[in-house]
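Structure, as structure tokens:
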Amino acid sequence: MLRFLDISQNQFDANLTVLPSLNSIDLSHNQIRGNVPKWLWHVGSDSVYYLHLCNNFFTSGDQIPNKRLQILDFHFNTLRGHVPIPPPSIEIFLVSNNQLTGEVPISICNLKSFQALGLAHNSLNGNLLPCVGDLSGNLMILDMRMNKFDGRIPTTLFANNAH
């Protein structure tokens, strides 16, 4: 039974609904355009933990219903609007190098399993959420460079890293 599928660096928009047992899907570098197809969120919805969608032309990925997803790599796309909200199971969430705007949503604070959060090279603004420091129990990488953040850096960000 197929568990890992890497069809990166091609030029097609695959429909994988016939592969419900996948654990890992790599569709990077495929020149896929527009919204993330709805079928993609449902392929292996009980089994997919890794979804690599970087270097495409996705414009929207707002609803991410997969409840087992641990790694979502969306960097180098053309995502627009607000930061998509990943499912609670997410550990690595990369949306750097897109066209995201606005403030980081407060619901990000509810995601306690983060190990890496990549928001760099967007047009995000506002203050950093005070809860960002609360994520630092598991958080190893926080990349928020090249945005338009202002205000103070929350002291809670450093409180859990004093050892």
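Derivation of every value follows stated rules applied to the coordinates shown; laboratory data play no part. This is a predicted model, so every value here is computed, not measured. So basically every Cβ, Gly included, is an ideal-geometry build from the backbone, and we count neighbours across all protein chains shown.
Just the isolated ones, please: cysteines in the chain lacking another cysteine beta carbon under 4.7 angstrom.
Cys54
Excluding residues fewer than 8 places away in the same chain, name every one of the lysines whose C-alpha is closer than 16 Å to that of Lys67.
Counting by Cα, and skipping residues close in sequence, Lys67 has these lysines nearby: Lys38, Lys112.
Note the listed values (i) 41, 31, 28; (ii) 126, 19, 15; (iii) 48, 28, 22, then indicate which one is Cα extents along the principal axes in Å calculated from this particular structure.
Matching the structure shown: (iii).
Between Ile71, Leu157, Asn56, whose Cα lies farthest towards the positive end of the dipole of region 4-159 when Lys and Arg beta carbons carry +1 and Asp and Glu beta carbons carry -1, centred on the Cα centre?
After comparing all options, I get Leu157.
Given +1 on the Cβ of Lys and Arg, -1 on the Cβ of Asp and Glu, and no further charges, what dipole in debye does region 4-159 carry about its Cα centre, rounded to the nearest 20?
Roughly 220 debye, rounded to the nearest 20.
Between Ile106 and Lys148, what FRET efficiency comes out of the Förster formula 1/(1 + (r/R0)^6) with R0 = 25 Å and r the beta carbon distance, rounded to 0.05?
Taking R0 as 25 Å, the efficiency between Lys148 and Ile106 is 0.85.
Before rounding to the nearest 500, sum -39500 (n - 2.57) across all DSSP H runs of length at least 4 in the chain and divide by the residue total; then give [θ] at 222 nm in deg cm²/dmol.
Rounded to the nearest 500, the figure is -1000 deg cm²/dmol.
What FRET efficiency do you get for Tyr50 and Phe158 if R0 is 22 Å and r is their Cβ-Cβ distance, rounded to the nearest 0.05?
Efficiency, rounded to the nearest 0.05: 0.10.
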